[in-house]
Amino acid sequence: MASFVWMRLLESTAERYDRGIELLSRGRIGSVHRRLAELATADAVGARVLDLGCGTGGVALACAARGARVVGIDANAAMLEVARAKPTPDAAAAPVAWLELDAMELEDRFPPASFDAVASCLAFSDMAEDTQAYVLEVARTRLVAGGRLLIADEVVPEPAPRRVLHALRRWPLALLTYLLTQTTTRPVRALPARIREAGFVEVVEERLWGDAFCIVRARAPGGEGRAGAAP
Amino acid sequence: MSALAVLGGLRDTLLRMLPHRAPTGLRPIGRPGADAAVLVTGNYALTVRRLQRALAGRDVWLLVADSRGINVWCAAGGGHFTHHDVIAAVRAARLSERVEGRELVLPQLSATGVERRRIEEATGFRVRWGPAQADDLGAFLDRGRRVVARERAVRFPLRARLEMALIWGWPAALLSAAVAAGLGGWRTGAAVAVAVLASVTGLYAAVPRLPLRGWRRWPLFALFGVGGIGLGTLALAALGGIEGRSWAVLAVAALVADAALAVDFEGTTPWFVSSFAAAGHARIELEPERCSGAAECVQVCPRGVLAMDGGRRQVTITDPDACIRCAACIVQCPQDALRFRFDDGSVVEADTIRRTRLNLLGRRSVEVDGLRGPGA
C-alpha cells in the first residue's frame, strides 16, 4: 500500500488535533467552547444539547459542565477516541454520549424535536456548501420549536485591509498547523444567509478576534415564549 | 489537453504525497441521463483528474465524496474516507432526486474503510464494487458494470513504478543535493541529484524482478546506491568538479538518501507490507464454520489472496504470502469469518478492525477492552 510513512503521520492526527487548533486560535478556542455552552444551556437546566461534529469534545464537555445532557457526534472515530479519554468535567455531570455519526446521518439516529440546542464549533468549515445546507435543514427539524442553533467558526474579515492583514497573520500559523496535523481549516462564507435559508429565525452573528471568527446564533421557528429568554 | 491541465496534472503528481482537495459533489461526465452509472470517488485532486480522463467520451455521473484530499486507498485505510462520507455525499447531492438508478459503484480500494452495508442501509442505494484501477473502468462499464477477476488485483506496471520513483526521488534528490552543495559546491550537489535519481529509478524499475523486501533489500539498495554513485561520478567528471572531497560528499550523500528510502521501501509499493504496519506481522485467518460463501472478501482483495471454492461453496485462503494486511476482506465479510492472528497467538476480530482501521491498529485500544494489538 502506498506509503505507510505517510499514513503514520495521518494516524496520529487526532491526538495532535487539540494542539493544532490551540495554536491556530492562539489559545482562545477554550473561551469559544465555554461561550457556546453558556448559550446552549441558557434556556433550561438539563437542556438536551447536540454537539455536531464534536471532534475531540471541547463544546460537548463544556456543555456537560453546565449540567446539560449532551450527545457528541462525529464521523471520525479517532477524534471520538480522544474525546472519550477526556475526564467528565464535573463528577455530578451526566456523561457525554459519544456517537460515531456524520452530521449528514443525524436523521437516521434522532427523531424530530430531539434537542433543545444544537451547537457546533469548527465543523461547518470542514463541510462543502451543499453539505452545510443539508445539515442545517436536518438540524432545524431535530430541534424543538424555539430551540437554539449555535455555530462558531472561522470567517474572512469583511473590510479589505483587515482581510489582507488576516491572511498575512494566518498563513504562517496555517502552515505550521498543517505540518503538525496535516489538516487545516477553511473560513465559512455566508453562514447567516444559509442559516436563514434553512428556515431558522432570529439569526444573529457575533464577530470575534479581529472579525476573523464568528458565533452565529439562531432559533428554530415556533416556541415564541422561549425566544424571549434570549440573553 | 490544455497547457493548464498538463501543469495541474504535473503539480498534483509531484506533490501527490500531500493532501490536495478537489471540490466534492455530483459532477456529470459527458451527458449522463437519469439512468447513467454513478461512480463514487474521493476528492483527491489527482484521482478526480485521472478519472475524468479515463472516462472521457462516456456519459456517467461522478460522485466526489470527501476523502480529505487524500487518495481513496490511503484515506480509507487511515479512517479518513468511510461510509459516513459516502452517505454524506449521496445526501448532499440529493442523489435520489437526480438519478433514477439506485446503484453506486465504489472504488474497490475503498473497501478497507468504507462499509458497503452501512451505505445501503442508510441511503437505499445498492453498492457495487468497481475495479481496483481506474484504467479498467471503461471495460467495466462496457461489460454492464461487471468486474472480472484480473481487474481486482492492484497492478504496479513500469509506468506507475517510474512515477513512484519520481515522487520519492525528487524530494530525496533535492534535499541531499542541497546538503551536498553546501558541503562540496554546486557541482557536487548536481552529481548527488543524478546519483539519487538514478538509483531510485533503477530500484523501482526492478521491483518485480528482485526481492526488495525484508532484510534482503539492504544489500540490493547498497548495490543500486553504488550504481547511482557511479553515474554521479560520471556527472561530476563531466562538470569538471571531481576531486577527493567532492567525491566523498557525493558517495555519502547518495548512500544516506538511498538508506532513507530503504527504511520503508515496501510501504511505497502496493504489493508489499510496510515496515511500519502495526498489522505487518499478522496473518489473515478464516473461520470456515462462519463462512457463508458470500465471497465479498474475494471481490475486494487487491492481491488475490482469497478464492471461492465452488465445490464447498466456501472461501479459502489460497495465497497468504501475497496478503498486504489491508483488511478489506475482514471489513466487508458479512459473517465476520475473517480476522488477523498475530505471532503471539492474539487475534484481532472484524469488529475491532472496522473501528480502528488498518493503520490505527494497535494504537487505539481504549474502547476495546482486552483486545490490544502489538505495540499498544
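Kindly provide the set of residues from the range B:1-37 that are in contact with a Gly (Cβ under 7 Å, 6 or more places away or on another chain) and buried (at least 17 other Cβ atoms within 10 Å of the Cβ), ordered by number.
Correct list: B:Pro19, B:His20, B:Arg21.
Residue check, A:Leu39 against (1) within 14 Å of chain B (Cβ to nearest Cβ); (2) in a helix (DSSP H, G or I); (3) open to solvent by less than 20 Å² (accessible area, probe 1.4 Å), all met but one. Which one?
All conditions pass for A:Leu39, except number (1).
List pairs: first residue in the range A:69-82 and more than 10 Å from every other protein chain (Cβ to nearest Cβ), second residue of a type outside the set (D, E, K, R) and part of a helix (DSSP H, G or I) anywhere in the structure, Cβ distance under 6 angstrom, at least six positions apart or on different chains.
Qualifying pairs under 6 Å: A:Val70/A:Ala60; A:Val70/A:Cys63; A:Val70/A:Ala64; A:Gly72/A:Ala60.
Please pick out the residue among A:Leu149, A:Leu136 that is modelled with pLDDT of 95 or more, crowded, with 21+ Cβ neighbours inside 10 Å and either within 14 Å of another protein chain (Cβ to nearest Cβ) or out of contact with any helix residue (DSSP H, G or I) (no Cβ under 9 Å at 6 or more places or on another chain) (or both).
Details: A:Leu149 fails: either within 14 Å of another protein chain (Cβ to nearest Cβ) or out of contact with any helix residue (DSSP H, G or I) (no Cβ under 9 Å at 6 or more places or on another chain) (or both).
The unique qualifying residue is A:Leu136.
Tell me the strands (runs of 3 or more DSSP E) entirely within the range B:27-146 that contain at least 3 residues that are under 24 Å from B:Ile330 (Cα atoms).
Values: elements: B:38-42, B:60-65, B:103-106, B:126-129.
Per the criteria, B:38-42, B:103-106, B:126-129.
Quick grid of which residues meet (1) outside any helix (DSSP H, G or I); (2) under 18 Å from A:Phe115 (Cβ atoms); (3) at pLDDT below 85; (4) open to solvent by 30 Å² or more (accessible area, probe 1.4 Å):
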site	(1), (2), (3), (4)
A:His166	no, no, yes, yes
A:Tyr178	no, no, yes, yes
A:Arg196	no, no, no, yes
A:Gly210	yes, no, yes, yes
A:Arg226	no, yes, yes, yes
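Can you find a residue that is crowded, with 22+ Cβ neighbours inside 10 Å, among the aromatic types (Phe, Trp, Tyr) and more than 14 Å from every other protein chain (Cβ to nearest Cβ) anywhere in the range A:117-133?
no
With more than 14 Å from chain A (Cβ to nearest Cβ), exposed (fewer than 14 other Cβ atoms within 10 Å of the Cβ) and in a loop (DSSP other than H, G, I, E, B) as the only criterion, which of B:Gly311, B:Gly304 stands out? Walk me through how you get there before you give the answer.
On the way: B:Gly304 fails: exposed (fewer than 14 other Cβ atoms within 10 Å of the Cβ).
Of the residues listed, the single one that is more than 14 Å from chain A (Cβ to nearest Cβ), exposed (fewer than 14 other Cβ atoms within 10 Å of the Cβ) and in a loop (DSSP other than H, G, I, E, B) is B:Gly311.
Hey, can you tell me all the residues within the range B:1-27 that are within 14 Å of chain A (Cβ to nearest Cβ) and among the small types (Gly, Ala, Ser)?
If we filter the range B:1-27 for residues that are within 14 Å of chain A (Cβ to nearest Cβ), which is where we start, we get B:13, B:15-27.
Of everything in the range B:1-27, those that are within 14 Å of chain A (Cβ to nearest Cβ) and among the small types (Gly, Ala, Ser) turn out to be B:Ala22, B:Gly25.
Suppose we filter B:Ala328, B:Ala322 for residues that are open to solvent by 10 Å² or more (accessible area, probe 1.4 Å), at pLDDT 85 or above, within 14 Å of another protein chain (Cβ to nearest Cβ) and within 27 Å of B:His80 (Cα to Cα); which single one remains?
Details: B:Ala328 fails: open to solvent by 10 Å² or more (accessible area, probe 1.4 Å).
Step by step, each of B:Ala328, B:Ala322 is checked, and only B:Ala322 is open to solvent by 10 Å² or more (accessible area, probe 1.4 Å), at pLDDT 85 or above, within 14 Å of another protein chain (Cβ to nearest Cβ) and within 27 Å of B:His80 (Cα to Cα).
The values are calculated or read from the model by the stated rules, or taken from the named source; none is laboratory data. Computed from a predicted model, the values in this text were never measured in an experiment. All Cβ positions, glycine included, derive from the backbone under ideal geometry; neighbour counts span all protein chains shown. SASA here: full protein model, heavy atoms, side chains in, ligands and nucleic acids out. Shrake-Rupley method; radii C 1.70, N 1.55, O 1.52, S 1.80 Å.
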